[in-house]
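Heads up: the structure comes next, in structure tokens.
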Amino acid sequence: MSKWWKNAVGYQIYPRSFMDSNDDGIGDLKGIQEKLPYLKELGIDFIWLNPIYQSPNVDNGYDISDYQAINPEFGTLEDLKELLIAAHKLGIRLIMDLVVNHTSDQHPWFIESKKSKDNPYRDYYLWADATPEKMPNNWQSFFGGSTWTYDANTKQAYFHVFAKEQPDLNWKNPAMREEIYQMIRWWLDFGIDGFRLDAISHIQKEPWDFKITDNPWAPFMNVAGIETYMAELRDIFRSYDIMTVGEASGVNSKTAPFWTNEESGYIDMIFELEHQVRTGEPGFELGDLMGFKKVMSRWQKDMQPMGWNALYTDNHDNPRSNSTFGNETRESATALATAYMLLRGTPFIYQGQELGMTNFPFESIEEVNAADSLAAYHAWLEKGLSPEEALRLTTHWTRDHSRTPMHWTDFGGFSTNLPWMKINPNTDKINVALQQADPFSPFNYYKKLITLRRSFPVFIDGSYHIELAKHPKVWAYTRKLKSEEAYIITNLSDQPQTVTLPNRWVNAPVTILLANYQDPSWGKTTTLRPFEAMVVKKDA
Ligand code: ISL
Ligand code: CA
């Protein structure tokens with residue numbers, strides 16, 4: 001199979017917030033199709049669509065009630081087909097979210113499963129004896145509270161690692177797996193170009209009497225036995241020319257090569273979740289840039305011999321990196337871009353990241369949407385905090401920051417109706433129209449970065465070496481492929497930083513291929529300005 005995804009740059013679309021074509025305030029498939037030329041101009045190669053399947057939207061589409069139907073808010077299956085054809089015409093591929101750790105509690109399988117202990121669908125999910133007072137064990141869900149919900153009708157509880165409306169599928173059941181595999185084949189035969197596998201490392205669980213010691217998520221994170229299911233998935237994936245990227249928390253940088261190697265790996269690449277390092281008290285945390293550098297660097301090194309990385313800073317589950325890691329300037333937006341997009345792996349850009357979009361200034365709990373954030377807010381209130389304090393603690397790090405509508409124009413340009421989430425008021429300063437016209441905008445910088453990445457094989461296949469490893473504010477690395485060598489340096493701080501560069505780099509003839517200040521200089525002693533970034537290449 002071709003490895004087209006190695007040279008590719010991905011773009012993640014959160015469909016609810018990208019573009020609304022019928023003015024109901026909700027982004028949709030036709031809206032995405034309208035904006036394909038924009039994506040082409042940016043230069044990306046494939047789109048990853050967050051879930052667009054039929055769903056009661058308890059977790060914005062991550063609770064699926066029909067895998068083979070489109071949520072009418074987004075359009076129809078025909079709209080998706082049209083979008084796919086239009087994208088392919090422009091040379092843009094499309095991958096979809098595959099959510100198979102759990103379904104919605106409104107999925108017909110679960111509705112059946114709940115009916116009785118001897119229902120044929122009972123074992124599609126995970127049930128265990130319980131009483132209203134005593135759950136099968138004390139495990140906690142990612143969204144807060146027990147992983148168990150009691151069902152008075154059958155006097156058992158069902159298991160869910162996320163919300164109670166997202167019951168976990170029972171992967172031990174071969175009949176369930178076969179139905180999932182048929183669904184996967186159906187989508188691949190439909191013509192999509194791959195999948196992003198949601199929460200895939202959670203599909204296997206420890207026995208219910210497993211005792212948690214330090215890590216509360218250990219009983220359902222990359223648990224032994226998952227290999228069987230992953231190998232079955234691999235056998236399907238490998239019979240198509242597609243790409244797969246797994247959200248696989250708990251698969252660490254030492255085991256990830258086993259998951260992603262070309263010979264026997266289950267999937268093509270992994271989103272690690274470790275680099276989102278935060279420091280500080282809850283409600284005051286900041287992104288830890290050196291933690292970010294350290295984790296990313298370790299993954300580069302460990303994956304080098306036989307694995308492949310998925311590279312990202314932003315997604316729909318995290319606040320905006322330009323706010324958490326950067327200082328909300330064009331310099332920090334472009335420095336972060338330079339740092340991660342030239343690493344070894346397939347880079348993903350999350351919608352609006354290419355503009356340096358920032359966090360949302362939440363003023364009221366009415367503006368919050370994410371179920372886990374609302375649950376956290378109520379938990380803080382129950383602990384006796386004031387509504388103001390609870391709001392601040394909840395919104396400081398809520399994933400809703402990244403889910404506000406895309407900024408197309410001064411006034412948003414996302415919809416003529418009231419959008420499902422408020423538009424960030426700074427859309428008048430940060431938007432597509434302004435940035436397309438400004439040669440020094442983050443948007444135009446991203447364009448150059450993508451072109452650069454494509455122009456030199458060293459950025460794709462070159463090896464990774466950390467430079468100035470101990471520097472507390474600068475991330476520098478080299479990439480090397482035969483005689484081709486590039487030096488990437490970024491000041492990840494808002495203060496000037498002076499570095500001493502190695503002789504073999506300052507005495508050799510080099511070209512500064514890209515910089516985020518207009519008058520970059522390169523010498524033995526170089527002072528980098530706040531969030532200054534440079535890409536330098538040895539002349540041939
Ligand atoms: O493992 C985790 C933490 O260590 C979790 O972060 C988990 O893997 C992650 O939250 C899963 O996220 C994905 O699945 C969720 C959905 O709400 C998120 O939006 C999605 O990205 C449930 O489907
Ligand atoms: Ca709409």
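Bridges between two residues of the chain, per DSSP, are antiparallel at a rate of about 65%. Surface composition of the range 480-519: carbon and sulfur make up 47 percent of the accessible area, probe 1.4 Å. On a per residue basis, the chain carries 39 Å² of accessible surface, using protein heavy atoms and a 1.4 Å probe.
Relative to the longest principal axis of the Cα atoms of the chain, helix 174-190 runs at roughly 50 degrees.
Note on GLU366 and TRP4: the model spin-label points, each 7 Å out from Cα along the C-beta direction, lie 4.7 nm apart. Given Cα positions, please report Rg to Rh for the range 216-263, the hydrodynamic radius being the Kirkwood one. Rg/Rh: 0.98.
Sorting the segments 454-466, 245-257 by their mean number of nearby beta carbons within 10 angstrom, highest to lowest, gives 245-257, 454-466. By the compact-protein rule of thumb, 2.2 N^0.38 Å, the alpha-carbon radius of gyration of the chain corresponds to a ratio of 0.98.
Using alpha-carbon positions, what is the distance between the centroids of the range 336-369 and the range 192-263, in Å? When both Cα centres are located, 26 Å separates them. Looking at the range 350-455, the GluC sites (Glu not before Pro) that sit in a DSSP loop and have at most 11 other Cβ atoms within 10 Å of their own Cβ are GLU363. Per-residue SASA remark: ILE184, around 0 Å² accessible (1.4 Å probe; ligands, DNA and RNA not included). Charge tally around ALA486: other residues with Cβ under 13 Å, Lys/Arg +1 each, Asp/Glu -1 each, net +2. For the range 1-84, what percent of Cα pairs sit more than 19 Å apart? For the range 1-84, the share of Cα pairs beyond 19 Å comes to 40 percent.
Normalised by the number of residues in the range 352-455, the mean separation of alpha-carbon contacts (under 8 Å, six or more apart) gives a relative contact order of 28 percent. Normalised by 2.2 N^0.38 Å, with N the number of residues, the alpha-carbon radius of gyration of the range 457-540 equals 1.03. The slack in the chain from LYS89 to ARG392, taken as 0.36 nm per residue of separation less the alpha-carbon distance, amounts to 104.5 nm.
In whole percent, and with a 1.4 Å probe on the protein chains, what portion of the accessible area of the range 178-229 is carbon and sulfur?
Numbers: 1100 of 2150 Å².
Its accessible area is 51 percent carbon and sulfur atoms.
Potential lengthening of the chain between ALA375 and ASN173 amounts to 69.5 nm, from the contour at 0.36 nm per residue minus the alpha-carbon distance.
Of the peptides 487-498, 140-151, the order by per-residue mean of other Cβ atoms within 10 Å, starting with the highest, comes out as 487-498, 140-151. Distance between the 7 Å Cα→Cβ label points at THR409 and ASP461: 4.7 nm.
Around PRO439, what is the net charge, scoring Lys/Arg as +1 and Asp/Glu as -1 over all other residues with Cβ under 13 Å from its Cβ?
Cβ neighbours under 13 Å give a net charge of +2.
Measuring nothing but protein heavy atoms, the accessible surface of the range 298-442 at 1.4 Å probe radius is 57 percent carbon and sulfur. For a test of the definition: using alpha carbon positions, the gyration tensor, and the 1.5 limit on a/c, classify the range 19-61 as rounded, prolate or oblate. Oblate shape, in that a/c is at least 1.5 and b/c is the bigger or equal ratio.
Placing dummy labels 7 Å off each Cα toward the beta-carbon, the span from TYR517 to GLU382 is 5.2 nm.
With the cut-off at 1.5 for a/c, could you classify the range 365-484 from its C-alpha gyration tensor as rounded, prolate or oblate? Because a/c hits 1.5 or more and a/b fails to exceed b/c, the range 365-484 counts as oblate. Within the shell defined by Cβ-Cβ distances under 12 Å, the residues around SER332 carry a net charge of -1, with Lys and Arg each +1 and Asp and Glu each -1. Taking a point 7 Å from the Cα of LYS115 along the Cα-to-Cβ direction, none of the residues of the range 155-177 has its backbone N closer than 13 Å to it.
Rounded to two decimals, the Cα-based Rg/Rh of the range 51-177, with Kirkwood Rh, is 1.07.
Only one residue of THR334, GLN156, ASN424 has its Cα farthest out toward the positive end of the dipole of the chain, where Lys and Arg carry +1 and Asp and Glu -1 on Cβ, and that residue is THR334. Residues of the range 19-44 with an amide N closer than 12 Å to a point placed 7 Å from the Cα of GLN436 along the Cα-to-Cβ direction: 35-42. Relative to the longest principal axis of the Cα atoms of the chain, helix 442-455 runs at roughly 80 degrees. Computing Rg and the Kirkwood Rh from the Cα coordinates of the range 330-428 gives a ratio, Rg/Rh, of 1.05.
Taking a point 7 Å from the Cα of TRP186 along the Cα-to-Cβ direction, the residues of the range 40-59 with backbone N closer than 19 Å to it are 51-57. Within straight-line reach of LYS447, meaning a Cα separation under 24 Å, sit the following lysines at least 8 residues removed in sequence or on another chain: LYS3, LYS6, LYS35, LYS40, LYS89, LYS293, LYS429, LYS480, LYS537, LYS538.
The values are calculated or read from the model by the stated rules, or taken from the named source; none is laboratory data. Quantities reported herein were computed from a predicted structural model and do not represent experimental measurements. Please note: Cβ atoms are built from the backbone with ideal geometry, for glycine as well, and neighbour counts cover all protein chains shown. Please note that ligands, DNA and RNA were not included when accessible areas were found on the heavy atoms of the full protein model with its side chains. Shrake-Rupley method; radii C 1.70, N 1.55, O 1.52, S 1.80 Å.
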